[in-house]
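Below is one structure; the comments refer to it alone.
The values are calculated or read from the model by the stated rules, or taken from the named source; none is laboratory data. Small disclaimer: the values here were computed from a predicted structure and weren't measured. Because the Cβ atoms are built from the backbone with ideal geometry, glycine has one as well, and the counts that use them run over all protein chains shown.
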Amino acid sequence: MKSILRKAERKDERQILELVAEVLKDFGLSIDPEGIDKDLSDLDKYYFNNNGWFSVITNDEDTIIGCCGVFKTDATSCELRKMYVLNNYQGQGLGKMLLESSLEKAKGLGYKEMTLESNFLLYKANDMYKKVGFVQYQPGNLCGRCDYAMKKQLQ
């Protein structure tokens, strides 16, 4: 299988939302298109026009099988958001590819720190975050489906 990492486009928004919903469902979690997942409704507004980035990975049929966003939180910090790979494509290094690409993109956009929020159920991703240097910390508050947060210094 040939996977392609590329910049997300407006035409991808519905497929990205469906991917996120499918992955979350596997863990008994649900999507919130009017709340925490509203950023997927307008990638230009929430990412590309706001010093951010959003990537997708497609398979041979040009179906989106993974995604990841770099979301601006302030002038020097960003958040890793919507890092998901479909279950039947996990274990092939695609998450690592998304994560490394997002870290490089965040550095290129001038960010000094990257944070993320996750759920302990997403243990494969959480292990990967730790391997690249993310450490757990206590933020002011967490999104509804997340139960802990991590951060990493970028520069």
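Close contacts from the range 36-62, counting a first residue that is acidic (Asp, Glu) and a second that is surrounded by fewer than 16 Cβ atoms within 10 Å (Cβ to Cβ), with Cβ to Cβ under 7 Å and a gap of 6+ residues or different chains, come to Asp44/Arg10; Asp60/Met1; Asp60/Lys2.
Restricting Tyr84, Tyr46 to those that are within 19 Å of Lys124 (Cβ to Cβ), under 15 Å from the mean Cα position of the chain (by Cα) and among the aromatic types (Phe, Trp, Tyr) reduces the list to Tyr84.
Would you mind stating whether Arg6 is farther than 17 Å from Ala125 by Cβ, in contact (Cβ under 8 Å) with a residue 12 or more places away in the chain and loosely packed, with under 15 Cβ neighbours inside 10 Å? Answer is yes for this residue. With respect to (1) closer than 17 Å to Leu122 by Cα; (2) buried (at least 17 other Cβ atoms within 10 Å of the Cβ); (3) of a type outside the set (D, E, K, R); (4) in contact with a helix residue (DSSP H, G or I) (Cβ under 8 Å, 6 or more places away or on another chain), the lone exception for Leu24 is condition (4).
Name the residues in the range 133-155 that are assigned to a loop (DSSP other than H, G, I, E, B) and in contact with a helix residue (DSSP H, G or I) (Cβ under 8 Å, 6 or more places away or on another chain), would you?
Once the filter is applied, which keeps residues that are assigned to a loop (DSSP other than H, G, I, E, B) and in contact with a helix residue (DSSP H, G or I) (Cβ under 8 Å, 6 or more places away or on another chain), the range 133-155 yields Arg145, Leu154, Gln155.
The residues in the range 81-123 that are crowded, with 20+ Cβ neighbours inside 10 Å, without any contact (Cβ under 8 Å) to a residue 40 or more places away in the chain and not in a helix (DSSP H, G or I) can be counted, and the count is 2. Among the residues of the range 128-148, which ones are buried (at least 16 other Cβ atoms within 10 Å of the Cβ) and of a type in the set (S, T, N, Q)? The answer is none; no residue qualifies. Scan the range 136-154 and give yes if some residue there is among the basic types (Lys, Arg) and either modelled with pLDDT of 95 or more or more than 16 Å from the chain's Cα centre (by Cα) (or both), otherwise no. Yes, some residue in the range 136-154 is among the basic types (Lys, Arg) and either modelled with pLDDT of 95 or more or more than 16 Å from the chain's Cα centre (by Cα) (or both).
Pairs meeting the criteria (first residue in the range 135-155 and farther than 21 Å from Phe27 by Cβ, second residue at pLDDT 85 or above and of a type in the set (Ser, Thr, Tyr), beta carbons under 7 Å, at least 6 apart or on different chains) are Lys151/Thr115; Lys151/Tyr137; Leu154/Tyr111.
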